[in-house]
1. Would you pull out the residues with amide H under 5 Å of residue 120's amide H, same chain only if 5 or more places away, H placed 1.01 Å from N?
2. Just want to confirm a number: the relative contact order over region 64-146, from Cα pairs under 8 angstrom separated by 6+ residues, in percent.
3. Taking 7 Å along the Cα-to-C-beta vector as the label spot, tell me the residue 72-residue 43 distance in nanometres, rounded to one decimal.
4. Show me, for region 110-116, the HN-Hα J-couplings you get by feeding each phi into the Karplus relation (A = 6.51, B = -1.76, C = 1.60, θ = phi - 60°), rounded to Hz, glycine and proline as x.
5. Figure the gain on full extension for residue 93 and residue 147 (residue separation times 0.36 nm, minus the Cα-Cα span) and round it to one decimal in nm.
6. Fully extended, how many nm does the chain gain between residue 122 and residue 13 (0.36 nm per residue separation, minus their Cα-Cα distance)?
7. Lys and Arg at +1, Asp and Glu at -1: add these up for the other residues within a Cβ distance under 14 Å of residue 64 and post the number.
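Just so it is clear, none of the values below were taken in a lab; they were calculated from the coordinates. Since the model is a prediction, treat every value here as computed from it, not as a measurement. Positions of Cβ are generated from backbone atoms using ideal geometry, with glycine treated the same way; all protein chains shown enter the neighbour counts.
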Amino acid sequence: MTTSISGSMRGGRTRKFKSEINVVPYIDVMLVLLVIFMAAAPMANPGMVDLPNAGKSALPPSQYVEVILKKDARAQIRVNGQNQGSSASGTTSAKNHAVLLENLRELHQQYPDLPLMISAEKNIIYDDVVQVISDAKKIGINRVGLAAKQ
């Protein structure tokens, strides 16, 4: 009774190793991370802007033209420290942007050295404030400031 040693190796075949990288687990991990980031993205609020507080400037101007922007698309213009002459309180009202621009142009011709300060309500559209600043620069008003609550 002779036994053959070569028969005990499962039919005599040798095992070959694969030299390939299995990328399926990596794809699974990447998909899980993608789902996590997609779920976490709406939780971050990019619309929240943390604005700094404004302190008082060293030498605020004593006289200036003030534009008060209201939420109902009306605006008031007044000359601080001087009477405008058109009304007793020195304040004029503008129903729309074109009237506001014309009033600013007239005031700039009367008082070319006075700076412009814009006081806007808290909930006003930001574009309205930017448009007033842009139009004031086009008229030739070089010093434009924004009023802030202290």
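1. Correct list: 69, 147.
2. 33
3. 4.4
4. These are the phi-based 3J(HN,Hα) values: 6, 10, x, 8, 7, x, 10 Hz.
5. Working: separation 54, 0.36 × 54 = 19.44 nm, distance 1.87 nm.
Gain in length upon complete extension: 17.6 nm.
6. Working it through step by step, the gained length comes to 31.0 nm.
7. Result for the neighbourhood of residue 64: 0.
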